[in-house]
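Peer 1: Below you will find the structure I want to go over with you.
The values are calculated or read from the model by the stated rules, or taken from the named source; none is laboratory data. Quick caveat, the model's predicted, so the values are computed rather than measured. Cβ coordinates were reconstructed from backbone atoms using ideal geometry, including for glycine residues, and neighbour counts include every protein chain displayed.
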Amino acid sequence: MSGGRTTLIGLTCLVLAGCSSKDAELKTWMDQVRAEEKVTIEPLPVLKPYEPFVYKRDELKDPFLDTLTEQKTENVADAGLDGVRPDLNRRKEALEAYPLDALRMVGTLARGDSLWALIQAPDQTISRVSVGNYLGENYGRITDVADSRVNLMEMIPNGTGGWTERPAAVEIVEQ
């Protein structure tokens, strides 16, 4: 038994000796890699501590009431008699039932100094229009008729209760 025990102790020593040399090589390689690659980590930014805000009604303006009051004042100013606004009491013309992009200019008619545009509606009807007639859903009044286009001025809501004008046109479509 003592011979088997000696052999077992000898083998254990050889195994440990083999492991220690591999560990030494591994440790040397790790030290070399660490020396070659210098990793610098930037420090985390310093965060400002949170400071709660306490609203005191007696000392500060009401953040909601003033905005609504100013908006109401602006609405009244925009809706005044001096601003532009469509004539809602006049009788609408046939081509005001369609959006402007659904209307097509298909030609013109001239007689003397008068020039009319021929406008085709989506239902395929053709109407003769001239300066002063209305087109489209945004109260567009024709300001000029040319050989290849009809210029008009539309009135659209400005979002604060008033109206604003914007130019638009319908051009002839070549087929």
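Peer 1: Restricting attention to the stretch 105-156, and to residues there that are out of contact with any strand residue (DSSP E or B) (no Cβ under 8 Å at 6 or more places or on another chain) and among the hydroxyl-bearing types (Ser, Thr, Tyr), which single residue is modelled with the highest pLDDT?
Peer 2: Checked the stretch 105-156; the qualifying residue modelled with the highest pLDDT is THR125.
Peer 1: Another question, then. Can you name the residue in the stretch 157-175 that is in a loop (DSSP other than H, G, I, E, B) and more than 26 Å from the chain's Cα centre (by Cα) and, of all such residues, is modelled with the highest pLDDT?
Peer 2: Step by step, filter the stretch 157-175, then rank; the result is VAL173.
Peer 1: Report whether or not THR12 is surrounded by fewer than 10 Cβ atoms within 10 Å (Cβ to Cβ) and modelled with pLDDT under 85.
Peer 2: no
Peer 1: Go through the stretch 153-163 and report how many residues are free of Cβ contacts under 8 Å to residues at least 40 places away in the same chain and either within 15 Å of LEU95 (Cα to Cα) or crowded, with 16+ Cβ neighbours inside 10 Å (or both).
Peer 2: Residues flagged as free of Cβ contacts under 8 Å to residues at least 40 places away in the same chain and either within 15 Å of LEU95 (Cα to Cα) or crowded, with 16+ Cβ neighbours inside 10 Å (or both) within the stretch 153-163 amount to 1.
Peer 1: Return the only residue of ARG166, ARG141, ARG128 being free of Cβ contacts under 8 Å to residues at least 60 places away in the same chain, in contact with a Phe, Trp or Tyr (Cβ under 6 Å, 6 or more places away or on another chain) and closer than 16 Å to VAL84 by Cα. Spell out the reasoning first.
Peer 2: On the way: ARG166 fails: in contact with a Phe, Trp or Tyr (Cβ under 6 Å, 6 or more places away or on another chain); ARG128 fails: closer than 16 Å to VAL84 by Cα.
Unique residue meeting the criteria: ARG141.
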